1. Using only Cα atoms, tell me the angle between helix A:85-94 and the longest principal axis of chain A; keep it within 0 to 90° and round to the nearest 10.
2. Eigenvalues of the Cα gyration tensor times 5, then square-rooted: what semi-axes does that give for region A:578-626, in whole angstrom, largest first?
3. Mind checking the dipole of the protein assembly as shown: about its Cα centre, +1 per Lys or Arg Cβ, -1 per Asp or Glu Cβ, Debye to the nearest 20?
4. Tell me, what is the percent relative contact order of region B:16-306, built from C-alpha pairs under 8 Å that lie six or more residues apart?
5. Charges on Cβ only, +1 for Lys and Arg, -1 for Asp and Glu, centred on the Cα centroid of region B:16-306; of B:LEU180, B:GLY148, B:MET292, which one is farthest towards the dipole's positive end?
6. Compute the accessible area per residue over the protein assembly as shown, keeping the other protein chains in place, probe 1.4 Å, unit Å².
7. Excluding residues on the same chain fewer than 8 positions from A:LYS504, give the lysines whose Cα lies under 22 Å from its Cα.
8. Name the shape class, rounded, prolate or oblate, that the alpha-carbon gyration tensor gives for region A:472-539, where a ≥ b ≥ c are the square roots of its eigenvalues, rounded holds for a/c under 1.5, and otherwise prolate holds if a/b is larger than b/c and oblate otherwise.
Amino acid sequence: MAKQKSSNNPFCKKQRGTPTNEIFQYGFFSFATYCILLCALVIFGKIIWEGTPVLLRKGSDFITTKPQTLSVVEAVESEGIEIPTENFDNILGSNDDDALPFANIEEFQKAFAFKRFSLLPGSVIGEGYLKNIEQQNEGFFLIYTERNTENPVGFTVESDKSISLKTPEFEQLQSLAPDLLPDEISTREIQLNDHKVTIAKGEYAMSKTAHDALVPTQLIFQMRQGFPDDEPDKICQSVVPETQTITIDSTTYFAAFDEDENGTLPIEAEEQLPKKTTFHQFTLSKGNYSAPLPVLAILAKQGIATQHNLTRGSIVVNLDNPTELILPAADYDQLLTANPGIKVEGVADFEQKADYTRFDLTKDAEIRIDIEDLEALNRANQESGKFKISSEHTHSYSGGGILGPIVGTALLVIICMVVALFTGIAAATFLNEYARKGAFTKSIRLAMLKLAGVPSIVFGLFGLGLFVMLAPSLTSTPHTESKLSIPLAPIASTPQLRVVEDKKIHMETRELTTSEVVSAAKANNQAYFYDGWTYLSFQGWGTCMLAGGFTLAIMVLPVIITSCEESLRAVPMGFREASLALGATKWQSIRTAVLPYALPGILTASVLGITRVAGETAPIMFTAAAAERSDLPWEAVQATGFAAFVEFLQQSVQALPYHIYTVAGRIPQSEYTEPMQFGSVLIFMLIVMALAGLSIWLRIHFRNKIKW
Amino acid sequence: MNSMTQEEPKNIEPTANLASQAVDLSPPETPDAPPRQATEQSEVRHAETPTSDHLLGLNTMVEIDDLSFSYDMGKTNTLKNISLNIPEKQVTAFIGPSGCGKSTLIRCLNRMNDLVETSCITNGEIRIMGQHIHAKSVSPIELRKQVGMVFQKYNPFPKSIYDNVAYGLRIQGIKKKNLLDEAVEKSLRGAALWDEVKDRLKDSALGLSGGQQQRLCIARTIAVQPKVILMDEPCSALDPIATAKVEELIMELRRDFTIVIVTHSMQQASRISDHTAFFYLGELIEYGKTDMIFSNPNQKQTEDYISGRFG
Ligand SMILES: Nc1ncnc2c1ncn2[C@@H]1O[C@H](COP(=O)(O)OP(=O)(O)OP(=O)(O)O)[C@@H](O)[C@H]1O
Ligand SMILES: [Mg+2]
């Protein structure tokens, strides 16, 4: 029966193996598909699963605060700990709710004594004190033009202090400030040998301590590079051009040739020269003093705390009008005692109230706390001594939020898109509307296709070479490492003293050739030089958002140009013809009858471009991104007007993908660093998905709207 | 000829010299314009050819003189030795089978073929209002302001109706609202569209029907006050009723403008045109009064084509 049927059936199965084969193929393909889906599900699920609680706990703070170091402290059980409420909330956000043994939480208002005063022009004030005022008064920033070393400076001795000075210093003290010295001065002789050391010719690693100790001696040596201010522990390479023998005193000897430390010079031969040194010893009793600057310099070495700049002197306040400022009362008192040359008027007391929270810690506990909150906590409980920690360890970048990276990424994307759209649209317009169709445009298109396939790290290196180190800029203070500086025109104004100091500018007033000025600047370990000319200097823009934005722009340019061209091609020829037939010039017709109708397509494509750019790490790694940056880019800008804009563009930024790379790949991993990782990745994913969604929406929107 | 070029602007548009107030629309009086004498000579010569009899007593607007045109740098000629004069303020129809070069010729008249990079005039010349239009001193921009064009596929910009009509004036730099308003209304009235759209001037032009869109394109063209309007199969995408409206409009327009129209519809040609030229394979076969061509053609090919035996 069955046989009969199959012979009648013209579609009966012929080959035996077929059905199993079909099933196998179906199985394989569906397995591959579901595998990928599953992987995606697992990864995204994990990110969402882990990231959401972090976002919920930290709330909007996560995207409105800057990244900072996370401290994990073992706090000792205590009662009545006080902390500003804001910081208290942050602590709650950083920890799992049930992990904290807090009790008796109560909010209250705490009052702080402040002083309001007017700072008068002509005041003389120490550098550290000025910076404190600037910190406390937002918007107050003094571009000083003059220093003063004559004016006496004040200092406070907290408790009786015994001072012991060598003869030359003592004599200086005696001549400059005889009033300081008490009647009772004892003299002591100590055997302190001089050392005669021989250093062989060669190249050595040198630390800053050794360097500072050796500079005043007769040793001739040269540094291969300068010590950066922000890395005092860095070891630099030095060259001793020939074998030398020098005689130095014991202090220098121990500073420069301390065997325990890294970066000390090896001694070829040494000999002790017996020498007796006289020490003058006296006690400086507790109180406030006023003395010339050199005296304070001598005493500071003996441990007197001061915020005066001991080498450069005080600053002359060059304000036009009295300026109203505020300071905490304690800081104000310190300011007045330390600066005899200060002139103030209209001093008034006032109170500032702040929201504080008081809580008990019912048992010893491990608390995750951002470093700023920890500082606030310590500060608030300094006097009462109620907050004590038994141990502390820190995790960089794992605390706070991700405001800096978000802002940085946004800025990079904006700069990139402005540059890329501008050049991209121009290039696409040229290729599609102006250029003759031929071998030339074909080869350009081919080149662009190739460019789109170049790995992004190569773009990063390209950006480093071109924008960071070589791009031309117009400046009156070129970098000494500039590849080529072409003097353009003499300029009238000289940079302000504060700028000169902050930027390490070598000032040259003599008429010298550029190369002489450069070598003089280098010899003085200054990064920039000034000799009264405006230069076109090929020194690059430095690691800054401008360089990063340009690098990213070059990277997306092929994509942008291609999609712009597509959009232009999609504009019907009829529009161009109609416009030309009405007497429009070529540019008029492009501007009024082509570009406006290509714009939706360009927009859609560029939003997709943004998604790509926002996610790139490699191109910005060398060109724009800083792992650590405590302020937002515009907060560091000090210039005004157009110069401020330029300075703003020259700031480095944090960027979201680079931040994720840092927290997930560069710092030691632990359970404490995880919340930041998942939180940032989730936010980043949301942003990218929102952009992709926007692009899809735009596409649908325009497709519905435009029908020609 | 002499009187034509100089007095035309005043005669043609008695009411609307508005565009010419802001921008001088008359052809530039360049020193290297060909001497009048030469133009008169050529006219005389053409008058002697048998095909030009029907033009006697009419002012000539466009003179095409032994024109050969190539799309591929002169390798093959798409148009071959075409000579014909187009009279002023008349409707001249070009007919012929597909691919015979009607569009090519009409696009030569306002130099739209300049857009094709490899195109070139291999022989002869075109004079409009006595001026050799491929002369160095002629700007195609100025030429196109005088010689407007309406395309086969109606192509209004995706802007409002008002902006479409004002487009030509705006690119000439006219910004004054009242001038534009006036010109838009006049052009729309001229294109017999005013009553239909006067309440929706700010609406998108793409919301109009096909026939209305084509008339809008005509309005857009007459807004810049050209002397000549070239129409390349303006009705081929329209239904009979819309076609009738456009035809009616063309009859109206012939009072003020010189119209050259390419059409595939014999009926249309016979209804609206005063003169008809028949082309075949890039050559001008016959040119004469429309009634003559349709009732009593000289050439066998013409007769065959008109009676629908080929093409
Ligand atoms: N841009 C161009 N480049 C090259 N050749 C062209 C171009 N435009 C038209 N041609 C060629 O020139 C010849 C004449 O074309 P044209 O468009 O003038 O014909 P037509 O008479 O208008 O035909 P139809 O009635 O179909 O519109 C055709 O063989 C065509 O292939
Ligand atoms: Mg055609």
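1. 50 degrees
2. 38, 12, 5
3. 5740 debye
4. In percent, rounded to a whole number, it is 25.
5. B:LEU180
6. 50 Å²
7. Once the sequence-local lysines are set aside, what remains near A:LYS504 is A:LYS131, A:LYS208, A:LYS234, A:LYS483, A:LYS522.
8. Note, shape of region A:472-539 comes out rounded.
The values are calculated or read from the model by the stated rules, or taken from the named source; none is laboratory data. These numbers come from a predicted model, not from an experiment. Cβ coordinates were reconstructed from backbone atoms using ideal geometry, including for glycine residues, and neighbour counts include every protein chain displayed. Ligands, DNA and RNA are excluded from the accessible area calculation, which covers all protein heavy atoms including side chains. Shrake-Rupley method; radii C 1.70, N 1.55, O 1.52, S 1.80 Å.
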